[in-house]
Amino acid sequence: MSKTKNSLLFALFLLVLCVPAAAGNLRVAVLSVGQGLSVVTESPDGRVMVFDCGSENPRFDSANTNRTVRYLRFRGVRKLDAVVLSHADSDHSSGMGVLLKNYKAKTFITGKAVLADKRFAAVERALKKQKTPIRCPASGESFSLGRQVKVRVVSPGASGKGNTGSLALLVKYGSESFLLTSDMGKKEEAAMCRRFGSGLAASVLLVPHHGSSGSCSQALLRAARPRAAAISCGRRNKYGHPSFGVLKRLSDNKIRVLMTARDGDIVFVSDGKRTGFVKKRKKALFSDIWSK
Ligand SMILES: [Zn+2]
């Protein structure tokens, strides 16, 4: 691609993302971080939550390369109200060091198993340095992000190491909800559906475990009934994510699929009644697809 074309596209991207959100909008950005996950949620009253920060190579990662930090700077964010680490795997946690070097977090939220994981030690030191409290909420517990946004922990409460203990959150604003899963396994996904059932109803589903085979069951789609699904995965990743079975299930359920590997950054914008999205290069705010 030519340099001119590249800079034109970048300018277009800036233009699309610079369109100021009308007051009263929630923004949920599923960032294009390769084979990993990072989601930035901004409440209508300017509270910010970062859900995971991967997948950088910590040896080369810096504020100038870390996608999450760059996005936060771009959005003019000064401090973070909540930083959530779903689990300790590096595709979700490797950017945390740089994130916490550049931003103070008011609260840090994670699962109990993460605290005992030696990969968490450096993050724990950074949190201690900035005197940020660590909370491990129980399944079903809620917290507020600003005045109008409620966040509920909907992972089933498994405390296993790695994927099995992954946190999942339901972000609710008005009649719109976002179900942010991370890498929960098949068993935990089934347990979440049994425990919360239709309480998982969401306009947008962040597909579990990068769309791996066995994830995103029909039971989950029945419970969440999303209009759109976002999959965070790297281009031509070695795991073959997302799996054909998951894509077919989403298509059979007539769910619009967005994928970071193909679409770049995906920013959902909601006024609490409707939800639209902007992609890195395309603008489709409040299109007909989204009307109920
Ligand atoms: Zn992962």
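Laboratory data are not the source of any read-out in this text; all were calculated from the coordinates shown. Predicted model, so just to flag it, every value in this text is computed and none were measured. Methodologically, a virtual Cβ is constructed for each residue, glycine included, from the backbone with ideal geometry; neighbour enumeration extends over all protein chains shown.
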Q | Loop-resident sites, the range 174-279, for chymotrypsin sites (Phe, Trp or Tyr not before Pro), counting at most 11 other Cβ within 10 Å (DSSP) | A | none
Q: Run the dipole for the chain about the Cα centre, Lys and Arg Cβ at +1, Asp and Glu Cβ at -1, nothing else charged, and hand back the magnitude in debye, nearest 20.
A: 380
Q: Once you have a ≥ b ≥ c as the square roots of the Cα gyration tensor eigenvalues for the range 24-276, tell me rounded if a/c is under 1.5, and otherwise prolate or oblate according to whether a/b is larger than b/c.
A: rounded
Q | Mean ellipticity per residue at 222 nm, deg cm²/dmol - from DSSP H runs of n ≥ 4 across the chain, formula -39500 (n - 2.57) | A | -7000 deg cm²/dmol
